[in-house]
1. Hey, can you rank 73-86, 171-184 by average C-beta count inside 10 Å, highest first?
2. Beyond 27 Å between alpha-carbons counts as too far, so tell me which of Lys174/Lys196; Lys60/Lys137; Lys114/Lys136; Lys73/Lys137 fall in that bin.
3. Determine the relative contact order of region 4-200: mean sequence separation of Cα pairs under 8 Å and six or more apart, normalised by residue count, in whole percent.
4. So what are the ³J(HN,Hα) numbers for region 101-118, from phi and the Karplus equation (6.51, -1.76, 1.60; θ = phi - 60°), rounded to whole Hz, Gly and Pro as x?
5. What are the extents of the Cα atoms of the chain along their three principal axes, listed from largest to smallest and rounded to whole Å?
6. How big is the Kirkwood radius of region 31-82, worked out from every pair of different alpha carbons and given in Å to one decimal?
7. Could you derive backbone 3J(HN,Hα) for region 148-157 from the dihedral phi with the Karplus parameters 6.51, -1.76 and 1.60 (θ = phi - 60°), listing whole Hz in sequence and x where the residue is Gly or Pro?
8. Quick one: compute the contact order of region 70-183, relative version, from alpha carbon pairs under 8 angstrom and 6+ residues apart, as a percent.
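Any read-out appearing in this document is the output of simple, stated calculations on the displayed coordinates, not a laboratory observation. Treat the numbers as computed from the prediction; the structure is a model and nothing was measured. Ideal geometry is used to build each Cβ from the backbone, glycine not excepted, and the neighbour counts take in all protein chains shown.
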Amino acid sequence: MSFNSVEKFENKIAEFYGAPYAVAVDCCTHGVELCLRLKQFQHLTVPCRTYLSIPMLANKLDIGLTFTEEEWKDYYEIREWQGKPTGVIDAAVFWKRDGYIPDKFMCLSFQYQKHLSLGRGGMILTDDKDAALTLKKMSYDGRIPNVPWREQNIDMMGYHYYMTPETAQLGLNKLGEAINTTPRQWTVTDWPDLRKMEIFSNE
């Protein structure tokens, strides 16, 4: 399986957003998870109105969780304890040329409801070259794409979160139309208050 289409898609998305580097993943939530693992945060503070898989990462990573009431638009930055910024941005619904924010990890979604609708998939934007390489390896079982894994000395823990070439090719095919059309404007009330759900009732 060749990952040339994945690399090409990464480059195209990075160019559109004005980011130096982009790392393709199988979904936005996994992109956020990889960034949180990379930075080893011990607490997660997120808006009470967001997609439920984001706060569920606190349980998965065995870290603390706090909800806040926040009127966010287009994207929000995940925070640690007492509001300390993590540098990790949930930009799942954000679609804007040159929209990359320097010194941040911006996690995008290509889920079927998003502007670039691929059914599934995501991307991490960053300006940190070393972090981009590490995140790429983390997303792909600790290995480098396009090199047989049996020929590699895997030196770090990885996760099975990579984007398939087929998804990347679909992204390349649909990218032009997405660039030339106006994205939906999401509002914070498109998400329910997660504190009212039983799964989060103790948070």
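1. Per-residue Cβ counts within 10 Å, averaged per peptide and sorted highest first, yield 73-86, 171-184.
2. Lys174/Lys196; Lys73/Lys137
3. Averaging sequence separation for qualifying contacts and normalising by length gives 28 percent for region 4-200.
4. 9, x, 6, 10, 9, 9, 9, 9, 10, 10, 4, 4, 8, 7, 4, 9, 8, 10
5. 47, 42, 29
6. Result for region 31-82, one decimal place: 11.2 Å.
7. Once θ is set to phi - 60°, the couplings for region 148-157 become x, 5, 5, 9, 10, 9, 5, 10, 8, 6 Hz.
8. Normalised by residue count, the contact order of region 70-183 is 16 percent.
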